[in-house]
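Here is the structure we will look at.
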There are 4 protein chains.
Amino acid sequence: MTAQAEPLHDIAHLGNVELFTPKPDKSLWYFRDLLGMEIAHEAGDSVYLRGYGDYATSTLKLTAAATNGVGCVSWRTTSPQALERRAKAIEAAGLGIGWTNGDYGRGRAYRFRDPDGHIMEIYYEEQKYIAPPELHSNLKNLPQKFTGRGAGVRRIDHLALLAKDVEANRKFSQDLLGFQLREQVRYDQGKTEIGSWMSPTAIHHQLAYVVDVKGAHGRLHHFSMWVDNRDDVMRAADILTENGIFIEAGPSKHNNSQGFYLYSYEPGGNRVEVYSSSFLVVAPDWEPVTWNEEERGTGTYWGATLPDSFIQYATPDVQGSVAATPEVLKEAIASLS
Amino acid sequence: MTAQAEPLHDIAHLGNVELFTPKPDKSLWYFRDLLGMEIAHEAGDSVYLRGYGDYATSTLKLTAAATNGVGCVSWRTTSPQALERRAKAIEAAGLGIGWTNGDYGRGRAYRFRDPDGHIMEIYYEEQKYIAPPELHSNLKNLPQKFTGRGAGVRRIDHLALLAKDVEANRKFSQDLLGFQLREQVRYDQGKTEIGSWMSPTAIHHQLAYVVDVKGAHGRLHHFSMWVDNRDDVMRAADILTENGIFIEAGPSKHNNSQGFYLYSYEPGGNRVEVYSSSFLVVAPDWEPVTWNEEERGTGTYWGATLPDSFIQYATPDVQGSVAATPEVLKEAIASLS
Amino acid sequence: MTAQAEPLHDIAHLGNVELFTPKPDKSLWYFRDLLGMEIAHEAGDSVYLRGYGDYATSTLKLTAAATNGVGCVSWRTTSPQALERRAKAIEAAGLGIGWTNGDYGRGRAYRFRDPDGHIMEIYYEEQKYIAPPELHSNLKNLPQKFTGRGAGVRRIDHLALLAKDVEANRKFSQDLLGFQLREQVRYDQGKTEIGSWMSPTAIHHQLAYVVDVKGAHGRLHHFSMWVDNRDDVMRAADILTENGIFIEAGPSKHNNSQGFYLYSYEPGGNRVEVYSSSFLVVAPDWEPVTWNEEERGTGTYWGATLPDSFIQYATPDVQGSVAATPEVLKEAIASLS
Amino acid sequence: MTAQAEPLHDIAHLGNVELFTPKPDKSLWYFRDLLGMEIAHEAGDSVYLRGYGDYATSTLKLTAAATNGVGCVSWRTTSPQALERRAKAIEAAGLGIGWTNGDYGRGRAYRFRDPDGHIMEIYYEEQKYIAPPELHSNLKNLPQKFTGRGAGVRRIDHLALLAKDVEANRKFSQDLLGFQLREQVRYDQGKTEIGSWMSPTAIHHQLAYVVDVKGAHGRLHHFSMWVDNRDDVMRAADILTENGIFIEAGPSKHNNSQGFYLYSYEPGGNRVEVYSSSFLVVAPDWEPVTWNEEERGTGTYWGATLPDSFIQYATPDVQGSVAATPEVLKEAIASLS
């Protein structure tokens, strides 16, 4: 065996996602009353939310804005030293923005942009959630009482971003953040990278990049919250349907990730997933699973297939529709330069 | 913040567990026909088995022997370099046995004993499972067809060992293997360590040490296999009951780990768990949750409580029964020297 | 085949159960906020509640009272004619009380006592539930929106009453109400009838009589509400536990009825079951399944066994405890006269 | 209240369905190995199968034939007298064929045709299943051991037939068999009856008639088997997919019936449903729920929608495709005479 670099282990997990919404009151109703999240904090135009099982104070920042989409994506590092190392490497790669004092509940953070332009940050210090008396759980290893309200999402799971150039962003995630590549969709005999699913932890994926068929930048495909059981996903489907929320796809089982998915649009327009099942990856030398046009199919192992809007729609929205056939996707990606 | 060592990340996951059985045919029937595992290999007195979702060729080695209990416990490292580092550190600690060429499906391994005397090994090279045609799954990220036979356990999850001195073994696991301590049971105002649950990965625990109330060494409390849904655990209970297997406890929900458990004795006498639910730990600075006498209670959050045999019985069995009251446990541990 | 009377089909289903509670506010909190029932009406000392799937306006009447226990048990007949027929037959049997104008949401009813003294009534006219706009479901065959609040019990399922003389009450239910006997527990080589489970519909049982080991009369063992999935029962266990409600037994699987059960005490002291699974009986000539001392065991197929309180405690409570061994039960029943 | 006839209660439940298959060996593999049914008997070109929870000896008769489709549909009556009454009434209606000695496990039966030409029969005497030793369950109220093989379908649930004139067949079922109408799909302001769901028991529906858009007669839409949990339906989807069986729709939740469905084509071509959830109807005066074009939508509450084949395909197949728009359906039905 020739000498080979050891895998980076500097990023611990996805820590926080900021979503923009032009309808902050209704979006809050969706996340608090329908998904069952708790408000941890409010400041300025933002509300800080959390799932009942999140150990951190807050994992979702909902910010009123003129349009929808994703704001800052925060990653926790495995140590203070890892934070310094990653900040230096990212800076050296020319993607750095600079240090901030950290948002609510988190210590100083280094901000940067991924190659596609999404804003991200890394941080180490994190305030653990201390439940107020009325939310104190009698299960000692649960940071917060299980209230049973709404869908009862437990914790943040992952997010999927669109990118004009999937390969560049995937390589950035692997090389600079140390994420492990778990699965890919590649068309045209493997030459065209349509999507890549990666993770810094045993969770199947915490970050996915999928090609932006409209050639835009910095957009969000979906943000995903975890529930413990498939029955919880179906219960969420009942609750969302009863409350007039548009369900785009699912409940169904993905082929990629084997996750049991339910995609709806929160009132602000962002696609949100309630998610369960899937599988863990613990192999240090995991061989990425690659799906071609045929194998990928509709992205569904069984159940409701992903509709065309799953490829066409993202936030903020871009007008017009693209015939996202394998051929068109291939050409779109070929035209990247 | 003062300088602080970064957490070790040299062990990737639990790789294999060897179980001894005086009734090899019946034990094989239990694991293959009732739990639904596949035979990957047979050699000498051993049968090598796997769950349908295990990426490795084999994760359970069943070895015919005069008595029951646990044989070698194998841990995969995160890299070849990590293997060398850990081997040196363990050797330096005086616990080493030496290198072997590796068992079926794995490369060279360094063998050692934990402080209680259980045999373990670490290795890096692992043969990924290649399914024969009749076991080829049409789900590309599944290493093997889901046959639906028996309980259909997906993968190895964890094991619990008894130890005369829990603290010594817990410290060994933290310091030399780099496991993160997740939860503890401590009696007598925290002075008496009854049990410790640890993991090298996001899985809640892959190794637990619990006090051996009979003062013996090298014994097994239980070996645990994962299923994806709580319904699968209950389905396993139906199947085990219909086949006359003794169910000791569950299906029920643990307080510690929040796991949904089902403990039965395989025909060879070893306690085996079919397990689901629980929660993942991704915090790099996870603060261990500690339960005292009162909080620990029966170990059950709701449902079937753990009976006295859960404390008294382990393999190989030691005659006699001990009144495992908190006081007795305290004294037993106080007498360790 | 000799001429044989056709089975009666005059009772359609259990319609309503009245529970007494000395803690009406807390009991209401339990049924509305924890179990998720809706208030349909309030009058005098009573609150009328319903499950989201009940087609009738109300199925549970909660009445403030000095003590706990069961009030009037209402059964709907299959037709107006069936109501007249049953009223006459019951009157002729000397158990009649007389006609009433009917409680909230129901037409005129004929009241009577079962041999043990519990008050019951039969009625035919029933007001179907019309949801107010805010509770209108967008699922057309659902009478009320699924709110997702608390355990979300769907509908009334059954109740179990204690009786000094099970046989007399069972015969009354079969002969005068036309219930089909589904299962029995008989001790002492079948001579001593400990409990009988009966139903007027395909639901496994809607009425059970179990021996009152304390020799009292007119008491309630438990009242049971249905949820659609076993996961809902476990979710209910989480919610009840988080809210400090005493769980007596379960979640577990009964041998008798195969039901998946969860027994808790509502704040007023009455035992309430959240229930799912079980099986339907459609055979017109169903042969009752009879369990003897040994076969009955703890009443549990797997999981949490039923504790001694399950036999000792009922509402209203009677002081003292009885060693409910098979021998004692046999003697207690032998002494009935 | 004016005098009103009492509801008939002469039919107890669906007893047996005969399916024709041109691929008997592969169909048997599907029902026995994939769905998990047991063979109860074999005779001539037929194999008699059963679900593990069916109390009758056999509930599915699989008969080798030149083409696929449905053979005789058998209904059990509530009593011997009910059998005579129904036979006379059907004969008087001019639909009778005559008495037979009864098929395997059943007593004498009266055969007839429904208005669309499907062959049916009614019978009372039924042989209860006595499990051979190797299939004896240790759960006393379970007629057969739960083997855990394949999808493990518990019992027969219902069947759906196509009919040129839904109204005529629905009225026949109500008037002559005494079935209660549960739900309907009616287009064109209620004037055009597209489908009707009926039942003789609390099970939501045991017989459905749906319009045959190709104007044929005597065809089968689907045959449905029950599993206890939605997880079992999803497990069935995994098993069917792994074994190359075509899944047409689901797992998803119907709006009509609220059932959780999975439709696949068994190798002989017949559409078979694995089914769970749904709801019971116990109201003696149930008001049928009627869905118009808009409300019916795709027939799905959430999840995978029913594809066009769900309307176009039935067995035996009729060549050609019809644009089954509401307008076309309306005209097709208007042309019935």
- How about the range B:144-174: which of its residues are assigned to a loop (DSSP other than H, G, I, E, B) and under 16 Å from the mean Cα position of the chain (by Cα)? B:Val153, B:Arg154
- Looking only at the range C:224-233, which residues are open to solvent by less than 10 Å² (accessible area, probe 1.4 Å) and in a loop (DSSP other than H, G, I, E, B)? C:Val227
- Is it the case that A:Glu167 is away from chain B (no Cβ under 14 Å) and under 30 Å from C:Gly244 (Cα atoms)? no
- Does C:Gly178 qualify as being in contact with a Gly (Cβ under 6 Å, 6 or more places away or on another chain), within 12 Å of another protein chain (Cβ to nearest Cβ) and either without any contact (Cβ under 8 Å) to a residue 60 or more places away in the chain or assigned to a loop (DSSP other than H, G, I, E, B) (or both)? no
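Yes/no matrix, rows are residues, columns are (1) out of contact with any helix residue (DSSP H, G or I) (no Cβ under 7 Å at 6 or more places or on another chain); (2) surrounded by fewer than 24 Cβ atoms within 10 Å (Cβ to Cβ); (3) within 23 Å of C:Ala93 (Cβ to Cβ):
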position: C:Phe172; (1), (2), (3): yes, yes, yes
position: C:Leu176; (1), (2), (3): no, yes, yes
position: C:Gln180; (1), (2), (3): yes, yes, yes
position: C:Thr192; (1), (2), (3): no, yes, no
position: C:Met198; (1), (2), (3): no, no, yes
position: C:Thr201; (1), (2), (3): yes, yes, yes
position: C:Val213; (1), (2), (3): no, yes, no
position: C:His222; (1), (2), (3): yes, no, no
- Query: In the range B:51-60, is there at least one residue being more than 29 Å from A:Gln4 (Cα to Cα) and either within 14 Å of another protein chain (Cβ to nearest Cβ) or free of Cβ contacts under 8 Å to residues at least 12 places away in the same chain (or both)?
  - Reply: yes
- Message: Any residue at all in the range A:246-254 that's of a type in the set (Ser, Thr, Tyr), on the phi < 0 side of the Ramachandran plot and either crowded, with 23+ Cβ neighbours inside 10 Å or out of contact with any helix residue (DSSP H, G or I) (no Cβ under 9 Å at 6 or more places or on another chain) (or both)?
- Response: yes
- When only residues in the range D:146-164 that are in contact with a strand residue (DSSP E or B) (Cβ under 9 Å, 6 or more places away or on another chain) and within 14 Å of chain C (Cβ to nearest Cβ) count, which is surrounded by the most Cβ atoms within 10 Å (Cβ to Cβ)? D:Val153
- State which residue is farthest from the other protein chains (Cβ to nearest Cβ) when the search covers only the range B:231-258 and only residues that are in contact (Cβ under 8 Å) with a residue 24 or more places away in the chain and among the acidic types (Asp, Glu). B:Glu248
- Note on the structure: Among strands (runs of 3 or more DSSP E) entirely within the range B:1-102, at least 2 residues that are crowded, with 18+ Cβ neighbours inside 10 Å and modelled with pLDDT of 95 or more occur in B:11-21, B:38-43, B:46-50, B:60-64, B:69-77
- Query: Does B:Glu193 meet the test of being acidic (Asp, Glu), in a strand (DSSP E or B), in contact with a Lys or Arg (Cβ under 7 Å, 6 or more places away or on another chain) and within 26 Å of B:Trp291 (Cα to Cα)?
  - Reply: yes
- Task: Select from the range C:100-124 the residues that are within 14 Å of chain D (Cβ to nearest Cβ) and without any contact (Cβ under 8 Å) to a residue 40 or more places away in the chain and list them in ascending order.
- Result: C:Gly102, C:Gly107, C:Arg108
- Number of the exception - D:Ala283 against (1) closer than 30 Å to C:Tyr123 by Cβ; (2) in contact (Cβ under 8 Å) with a residue 24 or more places away in the chain: (2)
- Query: Going through the range C:83-104 one residue at a time, which ones are in contact with a Phe, Trp or Tyr (Cβ under 7 Å, 6 or more places away or on another chain) and either of a type outside the set (Val, Ile, Thr) or closer than 14 Å to C:Leu176 by Cα (or both)?
  - Reply: C:Leu83, C:Ala87, C:Ile90, C:Leu95, C:Gly96, C:Trp99, C:Gly102, C:Tyr104
- Where A:Ala236 falls short, out of the listed (1) more than 22 Å from A:Val210 (Cα to Cα); (2) in contact with a Leu (Cβ under 8 Å, 6 or more places away or on another chain); (3) open to solvent by 10 Å² or more (accessible area, probe 1.4 Å): (3)
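Quick grid of which residues meet (1) among the acidic types (Asp, Glu); (2) in contact with a Gly (Cβ under 6 Å, 6 or more places away or on another chain):
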| residue | (1), (2) |
| --- | --- |
| B:Leu14 | no, no |
| B:Pro24 | no, no |
| B:Ser27 | no, yes |
| B:Glu42 | yes, no |
| B:Arg86 | no, no |
| B:Ala92 | no, no |
| B:Arg113 | no, no |
| B:Gly117 | no, yes |
- When D:His205 is run through (1) in a strand (DSSP E or B); (2) closer than 18 Å to D:Ile11 by Cβ, the failure sits at (1)
- Of the residues A:Tyr265, A:Tyr275, A:Tyr261, which single one is without any contact (Cβ under 8 Å) to a residue 40 or more places away in the chain, more than 10 Å from every other protein chain (Cβ to nearest Cβ) and surrounded by 24 or more Cβ atoms within 10 Å (Cβ to Cβ)? A:Tyr261
- Take B:Asp228 and decide whether it is within 9 Å of another protein chain (Cβ to nearest Cβ), free of Cβ contacts under 8 Å to residues at least 60 places away in the same chain and under 27 Å from B:Leu49 (Cα atoms). no
- Item | From D:Thr290, D:Thr305, residue being of a type in the set (Val, Ile, Thr), surrounded by fewer than 21 Cβ atoms within 10 Å (Cβ to Cβ) and within 14 Å of chain C (Cβ to nearest Cβ) | D:Thr290
- Message: Looking for something open to solvent by 20 Å² or more (accessible area, probe 1.4 Å), within 29 Å of B:Thr147 (Cα to Cα) and under 18 Å from the mean Cα position of the chain (by Cα) - is there at least one such residue anywhere in the range D:118-139?
- Response: no
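The values are calculated or read from the model by the stated rules, or taken from the named source; none is laboratory data. Nothing here was measured: the structure is a model prediction, and the numbers come from that model. Counting neighbours? That spans all protein chains shown, and the Cβs are built from the backbone with ideal geometry, glycine included. What goes into the accessible areas is simple: the full protein's heavy atoms, side chains included, and nothing from ligands, DNA or RNA. Shrake-Rupley method; radii C 1.70, N 1.55, O 1.52, S 1.80 Å.
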